[in-house]
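Heads up, the thing below is written out as structure tokens.
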There are 2 protein chains.
Amino acid sequence: MLTLSTLTANDVDNVNIKGVPISPVKKTDAYHHGNLRAALIDSALAVIIEKGAEAVTIREVAARTGVSHAAPYRHFPDKNALMAAVAKEGFDLMVARMRRRMAAFPDDPLQRLKFCGIGYIEFALDHPAHYRVMFGPGQDPLRASEALKLSSAASFQTLFDAITACQAKGVVHGGDPMAMALSCWAMVHGFSMLVIDGLVQTRAFHSALPAMMDGLVDSLYFGFRPDREPL
Amino acid sequence: MLTLSTLTANDVDNVNIKGVPISPVKKTDAYHHGNLRAALIDSALAVIIEKGAEAVTIREVAARTGVSHAAPYRHFPDKNALMAAVAKEGFDLMVARMRRRMAAFPDDPLQRLKFCGIGYIEFALDHPAHYRVMFGPGQDPLRASEALKLSSAASFQTLFDAITACQAKGVVHGGDPMAMALSCWAMVHGFSMLVIDGLVQTRAFHSALPAMMDGLVDSLYFGFRPDREPL
DNA sequence: AAATTAATGTTGACGTTGTCAACATTGACG
DNA sequence: CGTCAATGTTGACAACGTCAACATTAATTT
């Protein structure tokens, strides 16, 4: 869930107060912005964080960036293209987070797999606005740009590679790695979405998030069979 | 993924042809519709199926129902309330599907749990438009009506009860049923969302959906440990 | 049966949206 | 210095969500 406590400094461009209309940011009286495309993406993300992806408007994003309402159309064919750029950035950041978490265990593939998944969930919960855009209904993978497809595929590929590395070491069973990767992905994606949408908190789960994540790991490694060793 | 082959008769109110503007349905020249609230929900669902939840407009829904653009405001305070009504209906249908699947195994709690999850996924994949609205960003659980909260909670409760029944019979391990229910829910929700959003097909998974579901069940029951019996 | 009230529908309007065309400004290039 | 391309602005359009005021009809009360 997006709360002030889950925000990081990297998430926030600025903060507006409820009921106070935004004053357009005046850029430095120069006609050419110089880096408008990137600035628009940053502003869009700020609006997503504050108000949700569905509240983003091209006009507000332009105003926050200090340009007129039609300027974005010089850098993005339409609104959806701007949102797709936000999504691509999110995938790149998420893969970086997954890989950084894995890097702490260079010689232990099972831990690498575990922290690959933990990195995924941490990113999603630290950047719920980004995550919602990355996996929102507005993103049709069949119409995505090649750049976005590559960024999106990298997250699954990272997970898949972590599983095949475990199989090579013999620390997981030797079944179909695609099916195993799908199970992992479904689990981490489903959990992330449920928490972001506030569906977990509303059921008063009594565990902290780390304990919930441990529960997911436990379920995936040991399964539900009654004859397993207790955690 | 929404295709003509996955639609059921219950999904479709009518079908429009691309490029052909909708002609407003003229109702029977009566001033009072008589059942407008339900008709608006049906029309909204039809638009969601055809164009996606984000393309729904109050004006188009009203036109398809044969009333003026302001008539919906006599039955719903705003657009989001209409979408929430669509979501509630979806939860009710989903829980009915889950329970109907479970009913085939009155004396086998493990099969009941398995088919509870399968019923969940089947509903989501048979009714992707409904499912997207049910779990979309537009639905804030903290602001949901009591009716919607109850309908939403019923799906989790059904899953939770299936797990505690398994524990009572000793066919799953005796850990925290809440954590186990969360793992199940994350798995079925994540899988459903990934398929609906087209993220699974684009990775060329070579299994049919039933085999994919078996893979999820396998992962959740047996886990990834290498010392388990092969499926 | 008539009058009154409530429910429900319509018309028109407003502010905002996404997006486009035409024009304006400035940086890059020859 | 002139030309061109990139990029920004202004203004306009159709459509949106939602509201107020009005219109119609069903239900209720007298």
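The values are calculated or read from the model by the stated rules, or taken from the named source; none is laboratory data. None of the values given here were measured: they were computed from a predicted structure. Cβ placement follows ideal geometry from the backbone for every residue including glycine, while neighbour counts extend to all protein chains displayed.
Summary table below
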quantity	calculated
Cβ-Cβ under 6 Å pairs, at least 6 apart or on other chains, the range B:169-183 side buried (at least 19 other Cβ atoms within 10 Å of the Cβ), far side of a type in the set (Val, Ile, Thr) and not in a loop (DSSP other than H, G, I, E, B)	B:180/B:163; B:181/B:163
Selection within the range A:42-62 - crowded, with 19+ Cβ neighbours inside 10 Å, within 16 Å of DNA strand D (Cβ to nearest atom) and of a type in the set (Val, Ile, Thr)	A:56, A:61
Output for the range B:66-124, where each listed residue is within 23 Å of residue B:167 (Cβ to Cβ) and within 16 Å of DNA strand C (Cβ to nearest atom)	none
Residues that are more than 9 Å from DNA strand C (Cβ to nearest atom), touching a residue at least 24 places away in the same chain (Cβ under 8 Å), away from chain A (no Cβ under 14 Å) and not polar (S, T, N, Q), drawn from the range B:40-65	B:41, B:42, B:44, B:45, B:46, B:58, B:60, B:63, B:64
Test: residue A:162 is modelled with pLDDT of 95 or more, out of contact with any strand residue (DSSP E or B) (no Cβ under 8 Å at 6 or more places or on another chain) and not in a loop (DSSP other than H, G, I, E, B)	yes
